[in-house]
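Scroll down for the structure; my scribbles are underneath it.
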Protein chains: 2
Amino acid sequence: MPSDARHPHRWGFADTRLEFDGPRSVRMTGARYPLSGQSMPHLIPYVEQMLGVPVDQADAVPESAPQVPVPRLNAALMASLERLLPADRRSTDPIVRLAHSHGQLAVGEVDRLLYGGHFARVADLVVEPVDEEEVRAIVAAAIEHDACLVPFGGGTNVSGALMCPEEEARTIVSIDMRRMSRVLSIDRANGCALVEAGITGSALEEALAADGYTCGHTPDSLEFSTLGGWIATNASGMKKNRYGNIEDIVIEATLVTPSGTVETRRPAARTSTGMQPLALVFGSEGNLGVITKALIAIHPKPEECRYGSLVFRSFADGVAFLKAVRADDALPASIRLVNSREFRLGQSLRPAAHGIHAWKSRLQRTWLFSVRGFDLTTLAACTIVMEGTRREVARQESALRRLAKRFRAVWAGAENGRRGYSLTFAIAYLRDFFSQFGIAAESFETSVPWDRIAEVCAAAERALTVEAAARGVSGHPYLSYRVTQTYHAGVCIYFTMAFSGRGLTDPGGVFHDIEQALRQVILDHGGSLSHHHGVGKIRQRFLPQVHSGAGLELVRAAKRGVDPGNIFGIGNGACGLPQTGSSIK
Amino acid sequence: MPSDARHPHRWGFADTRLEFDGPRSVRMTGARYPLSGQSMPHLIPYVEQMLGVPVDQADAVPESAPQVPVPRLNAALMASLERLLPADRRSTDPIVRLAHSHGQLAVGEVDRLLYGGHFARVADLVVEPVDEEEVRAIVAAAIEHDACLVPFGGGTNVSGALMCPEEEARTIVSIDMRRMSRVLSIDRANGCALVEAGITGSALEEALAADGYTCGHTPDSLEFSTLGGWIATNASGMKKNRYGNIEDIVIEATLVTPSGTVETRRPAARTSTGMQPLALVFGSEGNLGVITKALIAIHPKPEECRYGSLVFRSFADGVAFLKAVRADDALPASIRLVNSREFRLGQSLRPAAHGIHAWKSRLQRTWLFSVRGFDLTTLAACTIVMEGTRREVARQESALRRLAKRFRAVWAGAENGRRGYSLTFAIAYLRDFFSQFGIAAESFETSVPWDRIAEVCAAAERALTVEAAARGVSGHPYLSYRVTQTYHAGVCIYFTMAFSGRGLTDPGGVFHDIEQALRQVILDHGGSLSHHHGVGKIRQRFLPQVHSGAGLELVRAAKRGVDPGNIFGIGNGACGLPQTGSSIK
């Protein structure tokens, strides 16, 4: 098994998982992350304290082998695809088909698969085109033989976007785009690269770095998610202040639809040429066609990348600081603010400290909490990434330190900042570890105006307490949150919710119901339906609250225009309404 | 006549025009602009030199009264609108109808109207709603009585967007939105304002300034164009580096269509909620419905606004400087680069200098040209606007001055910078003055990658020489250009073309043919169809070169989805294809 092999269903690399290295201690396997190999004695106690339930190795539920429905194969279509693609790029293997029929929703997808649930409908066939011509031929075959096509990128969505509609009677063909991963050309003079859409973020950065460039798009799923997937979900990356969100990065994209190829033949930095077809490709979630390539902005690797971190007395102080940073002219590439619970989760992942390290760590904590009077249960922490020329980075750090004083913050150093960002890549492994104990965890996000941040967070916390109690959840439900992006008119808040399903008859159903209740509360208090995760299936039913009927019709009519036969029948977002038969719940 | 009255057809305010104040000297009437009232002895000689034709007061062609076709009024519709709107907000006056049936294309629209041409089809009726409910009622009446609706903002487009399709048999109702000009609310906490779409740029800035805010969107048409028009054309403003282009400024917009209102009920700074209806409202050019209001970003008035200017030895040096400025982290709100001809046009508008001023001016020129060795026919000049805190502005100026040295530029002071920007607002008055001598002038723009700037400019110059010669144009055709916006991957180039129609049988037709030939040349050399002017009618036939067929179908299907009866039948951009019967040419 090559070292970069992924687990077919769980998050991440097959070589990386959490495992017990003592009765109350865990470690991360492999050697890929800063955390890997280190013993973490604080995590289980923290989780037990937060959730109010014991985590006992003896209680681990073993994974069961997922059940996979038999494929419905249209013989004429199969014959046609056999002529198009060699056998090693067509698969009806049950695990491969299943792996292409879900994303990374913990409760509705991964846990369900691994702990005895099953999917009524999955992809019948997985194909792997190597170029745009093959994609066109696959689309033509699907039209001829009345099949349903589902583009597949990294499979990292957390919106149910890859769940197949149960009522789909046609053969469902998943088009795995990951063999289309070439950087086709680099245009140094204009700072652009033409890149195939199946490239993962890591592979893209590696390829560009060889020429001294970076794209800078850094979603938490960077290692697995693809350029095409970013466009289809309208993705956001942590360093968007410097590099932009995906809609700022992509200058032009090519979309192969049943009516032909949607593309602009004269891509330009900015145009006014009427209604832009490209505008609908962002957030198209597989409904329109296959994104095959894109022209993206690239940048010389920055001269310097420096981390920073700050500790605030309260989340409110931190928010006021974030707002002040926007008014200044020294916005760093990334700046995030975590609440106390999330800060403590990060701290709980620290290795056991020994000797001088233990002494230094104790001293720092003593100073912060006793001398400076910070309260561990109410503080907030900010992690910062600064990129640019040496002068630019120095100027940013100096401006941030100056501003921080106004908000009574303590500068907590580069190492804590770096650590904060590296945790981003570890968090889903934690989720998968705890699921064997019936602990369900999910993240969801929203964008809110600046003056609604406190209200939305408080309302979500209140609603979780009420909803969990009403449903007989044992222990305490957990909700942490962080501000991951700031904009002129508001921010993105990223929530992590967890609780133990112990003792519940239908823990998945309870989790889903509570999550939907929280989404409604967030909407009711001025939050958006999603900042960057997308709609997929799990947010679909909220769309009529968000867009007017004519607005939904505008985009659905566009879909019908290029895909009158609904070949791309995955049914995400507006294109899955009004048929409400999502297979989630 | 109130002082803010506009000329019904020509550009601008009725109190402002150029007139002779001597046989070879002109002045601008009124008192509205820095240029107003001053004698300008250098302009006519410069134009004569550039165009190689004499400009003699005696040759001025008098304006003729425009002919206006009789209105086609649908009695049932009229009765319905009479119930909806008082008489002072409904007009069938020929001049009012005509004024609502064109934009500011010099040759195809304004000159044609004033010098003996006519329009075969114009609006039959002009209505002025005061609120969104009235707009909805007008749309309902149009559906019931089968009328055609045309939203009207400032009437400043230069794309033929307001030209009525000749074949339109229904009653054409122009909806003048300018009575809907209120700032409905200001949200200080989140830096937003909800504003009715009929407000002009000047009125918007005035209203916001009363509360200490600015929107910062500054198109050259600021005094007349409206928020709704900006959205419908996907407008760009000169200070976009600081405030963004219109798509960055508008957080949410409301569009009233025949199928209902397109709007987002949970506007947010950034979302990922599937395909965005709002995305198609930008550049919709009146094809989808009426934009009634928008939520826009606003900013506290900057602490400081400072101008600057630079003179370069060559346009290429200036371009290299612009690119270096982008790589620095001190991008000013606006930075523009004019070529030598445009620089000299600006210089030709200077008032006669006397005494110490004349001496100082001569001395400066002597120093620049004799001592520093600049060549007036090859130099280029940069004008700069810096806005922000005092510290920010100081930092920008210092960075720009430092960079300028690397590109052998001479800092030419704040006053020349301020002057450059104030000329922006005067230029269309010049155009209208010279049209009485048969001199036609038009501007058009494109966006090009950085490494195509020189090529596109040279190709346009060459093509103009060849095309003009082939068509027997007398004198020399004139082409000047400037870079008005810079982006990561390219720039906007703004061309001004002029020549004398003297001796041509069909000067308007020749001008149109040459302009279309130049557009093709620009496209062939890697330019876009438009950076911010839009498509309207005059760029329509190039659209199939720009967007693939499936791309055009995607947006046209969206249009049919919300306007199946083509009530909004103005036929701009993709929505006017394939019916090729534009009334231009």
Reachable lysines from A:Lys405, criterion Cα separation under 20 angstrom, eight or more residues apart if same chain: A:Lys323
If Lys and Arg each add +1 and Asp and Glu each add -1, what is the summed charge of the other residues whose beta carbon sits under 12 Å from the beta carbon of A:Gly30? 0
Charge dipole (the range A:464-585, unit charges on Cβ, about Cα centre) - positive-most of A:Gly549, A:Ser500, A:Gly472: A:Gly549
What does the average come to when, for each residue of peptide B:487-498, you count the partner chain Cβ atoms lying within 10 Å of its Cβ? 4
Percent relative contact order of chain B, based on C-alpha pairs within less than 8 angstrom and at least six residues apart? 17 percent
Given +1 on the Cβ of Lys and Arg, -1 on the Cβ of Asp and Glu, and no further charges, what dipole in debye does chain A carry about its Cα centre, rounded to the nearest 20? 1980 debye
Projecting the Cα atoms of B:Pro564, B:Ile453, B:Ala76 onto the charge dipole of chain B, where Lys and Arg contribute +1 and Asp and Glu -1 at Cβ, the residue farthest towards the positive end is B:Ile453
What is the sum of charges, Lys and Arg at +1 and Asp and Glu at -1, for the other residues whose Cβ falls under 11 Å from the Cβ of B:Met275? +1
As a test of the formula, what do you get for chain B when each DSSP H run with n ≥ 4 contributes -39,500 (n - 2.57) and the sum is divided by the residue count, at 222 nm and rounded to the nearest 500 deg cm²/dmol? -10000 deg cm²/dmol
At what distance in angstrom do the alpha carbon centres of the range A:251-274 and the range B:276-341 lie from each other? 23 Å
Using eta = 1.567 mPa s and T = 4 °C, Stokes-Einstein with Kirkwood Rh from Cα pairs puts D for the range A:385-454, in µm² s⁻¹, at 82 µm²/s
If the reach is capped at under 13 angstrom between alpha carbons, list the aspartates and glutamates near A:Lys301, excluding any in the same chain fewer than eight residues apart. A:Glu205, A:Glu206, A:Asp211, A:Glu387
Which percentage, to the nearest 5, of the DSSP beta bridges contained in the range B:103-212 is antiparallel? 35 percent
What do the square roots of 5 times the Cα gyration tensor eigenvalues come to for chain B, in whole Å, largest first, as semi-axes of the equivalent ellipsoid? 38, 29, 23
Ranked by Cβ crowding within 10 angstrom, fewest neighbours first, how are B:Ser284, A:Ser435 ordered? A:Ser435, B:Ser284
Kirkwood Rh for the protein assembly as shown from C-alpha pairs, in Å, is 31.8 Å
Cβ-derived FRET efficiency at R0 22 Å, B:Arg502 paired with B:Thr465, nearest 0.05: 0.80
Run down the lysines and flag those whose C-alpha is under 23 Å from the C-alpha of A:Lys559, throwing out any fewer than 8 positions away in its chain. A:Lys293, A:Lys537, B:Lys559
Given +1 on the Cβ of Lys and Arg, -1 on the Cβ of Asp and Glu, and no further charges, what dipole in debye does the range B:428-585 carry about its Cα centre, rounded to the nearest 20? 280 debye
Fewest-first ordering of B:Asp88, A:Asp4 by Cβ atoms within 10 Å yields B:Asp88, A:Asp4
The range B:225-377: relative contact order in percent, alpha carbon pairs under 8 Å with at least 6 residues between: 24 percent
Neighbours of A:Asp211 by Cβ distance under 15 Å: Lys/Arg at +1, Asp/Glu at -1, summed charge 0
Treat the count of other C-beta atoms within 10 Å as a stand-in for reagent exposure and order A:Lys323, B:Lys537 from fewest to most. A:Lys323, B:Lys537
Enter the mean number of other protein chain beta carbons within 10 Å of the beta carbon of each residue in A:278-285, as an integer. 6
Can you order the peptides B:22-35, A:344-357 by their average number of other Cβ atoms within 10 Å per residue, highest first? B:22-35, A:344-357
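Quick note: the coordinates plus some simple rules give every number you see, no bench work behind them. Quick caveat: nothing in here was measured; it's all calculated off a predicted structure. Note: ideal-geometry Cβ built from the backbone for every residue, glycine included; neighbour counts use all protein chains shown.
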